[in-house]
Each structure stands twice: as C-alpha cells, then as structure tokens.
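The values are calculated or read from the model by the stated rules, or taken from the named source; none is laboratory data. Since this is a predicted model, take the numbers as computed values, not measurements. Methodologically, a virtual Cβ is constructed for each residue, glycine included, from the backbone with ideal geometry; neighbour enumeration extends over all protein chains shown.
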Amino acid sequence: MRVGFNPHKDVAHKPSPYLHQVIIPVYIPDSDGYFTDSFSILKLCIKSILKTCHDKTFITVANNGSSTEIVNYLNGLLESRQINEIIHSENIGKLNAVLKGLSGNDIELVTICDADTLFLSGWQQETQKIFSRLPKAGVVGLVPQIRTFSYFCGNVIFDNFFSSRMVFLPVKNPDGMIRFYESIGWKRDYNQNFLKYALGLDIADDLKVILGTGHFAATYKKDIFSEVTTYLGYKLGGNSETYLDELPLKKDYWRLTTYDNYAYHMGNTFEPWMEQEIDAMTSSNVNSISGFPKQKCISGLSYTLKNKLFIRFLKVKWLYEWFLKSRKLPKDLAENFHELSK
C-alpha cells in the first residue's frame, strides 16, 4: 500500500555542475597471462586522469565483468569520491559498456578512453580550445597517428579542399608517435616519412590540428549521441569499432587530433617510465569552458557526397598524389606516402 506522495515527483533536474565526462570501460577478468599487469596499468590511468582534469569533470567507470579484486578497487574509488560513477555488468562488450556510461546525464563533452591510457598535462585545456575555436570539431583525439586523414575524414577534406589552411604540417612530436606504435607492438619497419609530416589545419600560430583520430582516447561532443543504438553485437572489434567513427559524420562534424601529443597508450605491460611520468606531474589548474556550438543532422545526399563519392575520387592514385603535393607535401615524399611500409 502506498501512503502519501513521493516528494520527487514532477521535480525537474537542476543543470549539471559538470562540463566534461570521462568514460573508462574496464575489463580485467584475472591477473594472469595477457592481464598480468592490467591492474597496475588501470591504477596509473585513473591517477593520470585525477591529476590532469578540472574539478567539473565527471568520471565514469564501466566495469565490464572484471574480477572481484578490480570491483573492490573501483568501489573504493567511488566511496572516497575520487570517481563519480561505476556501472557494474557482466562482460557485455566494450562499446556496450560505453553506451551505458553515456546515458543518464547531460554533460556537454565526453572523453571515451581505454583503461590503459596515460593522460598528460594540458590535454583537457587543448581539447577545449579546439572545440571552442572550430565549430565543426566533433571529435578530438590526443595522440597524432599515421595517416589518420584517410579514415572517416571525407567531410573535413571536402570542406577545406580549396582552403590554404589545410596543409601538411611537420609532425610536432615524432617521439610521441613512435612511442604509440611501440605500445601496440609495431617494429620500426613502417614508412618513416609518416613521422615527418601529417595533414592538418593551420588555423593560427596558437592553433593547429591534425585531421582524423584514433580510437583509444578521444573527446566527443555529447550531442553526437542524441540518438544511439542500445546494443552492438561484438565484445570487441566488428562494427563496434566503426560505430563511433561514423556517428559524428551524420552531423557533419570533423574528426581531429591535437597537434602535440597529450596521452600515452601504455598497453598491457608495466614499465617504470609510466609511473615516473605521473609522479613528475603537478596537478593541473585547468579552466573549464562550456557552450560549444552544436549541429543538426545533414541530408543523406550531403552525407553521401562528402563521405562516399568524394572519397572514391581521392582513391585514384594520380589524383591522390596530386592532392598530396597540392597540400605542400614535398614531392619526394608524396610519391610513396600511401605506402605503409618502407
């Protein structure tokens, strides 16, 4: 029997005090084999976030079927108010766990990162600057990578095709790029020219960006997820990888990366430099920014023109090489810039 009225009925939410959400999906089922160092890596990831974020950051951990040891650690973080939210589930898959973390709040920016990400000082400030000064920026990654302009970037290339600001920029931090590829097990047998130049936008002396972005750590405008699916049929990979890549294009948002390197991918093996890097950090004093421009979904015709037909045009070899040279890539590099290996 119900007696009286629930005092919260018809009470509207107050505006959220948070301006930036960080979602970390975690799957560490044990401490053997592949996962031997994963707990240590997770702790470093969390520590780096706490040291580099402003106080209006809402931290969500989506526990995707981890061991009891990990569950107890995460619960302790919540009880001590170091993080704001934990979502516990069985192993439902990385992206399905992320989708759970996206719901239930109205926070303008959301960073989705792997649990082996080491954030560096200044990443949040630089990300905010890009969103505030480039209205069409929808996704901003933190680690420049090889030839990201060739992956889901048809719209940004189309929009800047006749603009002098779209040029090949000297890679600012080749060591950061090298460290990323070492972290995923690559040998140094890839085309070394990719460590010299990257296609980007030269906006101003204090703002340059790289076209495209990778997957392991990137920030999205939350309105990209105004309509999302509730289930993806893969635990990892499959269409779950491209799902987050395609969504921004439906609103004609650009996929970009910071010009400098603002995070490291640690992988699954602990190395002393990781702890040293974090210990050397001082807590960041980051000013929080809000009110970034939003966009509506574009027509199917515009989507197809920019992201399907235009891309086919650029895949013609001689046109591709002409495009590279027209964007100020040195001629001797343009002739083999499409080759991944040496």
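Can you spot a residue in region 17-39 that is surrounded by 14 or more Cβ atoms within 10 Å (Cβ to Cβ), in a helix (DSSP H, G or I) and in contact with a helix residue (DSSP H, G or I) (Cβ under 8 Å, 6 or more places away or on another chain)? Yes, because at least one residue in region 17-39 is surrounded by 14 or more Cβ atoms within 10 Å (Cβ to Cβ), in a helix (DSSP H, G or I) and in contact with a helix residue (DSSP H, G or I) (Cβ under 8 Å, 6 or more places away or on another chain). Taking (1) of a type outside the set (D, E, K, R); (2) part of a strand (DSSP E or B); (3) touching a residue at least 40 places away in the same chain (Cβ under 8 Å) in turn, residue 59 satisfies each apart from (3).
Which of the residues belonging to region 283-308 are part of a helix (DSSP H, G or I), more than 21 Å from the chain's Cα centre (by Cα) and either farther than 18 Å from residue 254 by Cβ or in contact (Cβ under 8 Å) with a residue 24 or more places away in the chain (or both)? Quick ask: steps written out before the conclusion?
Of the residues in region 283-308, the ones part of a helix (DSSP H, G or I) are 300-308.
Applying the additional criterion that residues be more than 21 Å from the chain's Cα centre (by Cα) yields 300-306, 308.
Listed by number, the residues that qualify are 300, 301, 302, 303, 305, 306, 308.
Note on region 301-332: residues that are farther than 16 Å from residue 166 by Cβ and of a type in the set (Lys, Arg) total 5.
One residue stands out in region 109-153 among those that are surrounded by fewer than 23 Cβ atoms within 10 Å (Cβ to Cβ) and of a type in the set (Gly, Ala, Ser): the one that is modelled with the lowest pLDDT, namely 150.
Out of 270, 292, which single residue is at pLDDT below 95, at negative phi, surrounded by 15 or more Cβ atoms within 10 Å (Cβ to Cβ) and of a type in the set (A, V, I, L, M, F, W, C)? Result: 292 is the single residue among 270, 292 that is at pLDDT below 95, at negative phi, surrounded by 15 or more Cβ atoms within 10 Å (Cβ to Cβ) and of a type in the set (A, V, I, L, M, F, W, C).
In region 83-98, the residues that are under 29 Å from residue 54 (Cβ atoms) and surrounded by 21 or more Cβ atoms within 10 Å (Cβ to Cβ) reach residues that are modelled with pLDDT of 95 or more and among the small types (Gly, Ala, Ser) with C-beta atoms within less than 6 angstrom, at least six apart or across chains, in these pairs: 97/62.
For region 17-43, filtering for residues that are β-branched (Val, Ile, Thr) and under 18 Å from the mean Cα position of the chain (by Cα) leaves 4. If you scan region 304-318, which residues turn out to be closer than 17 Å to residue 246 by Cα and of a type in the set (A, V, I, L, M)? Correct list: 305, 309, 311.
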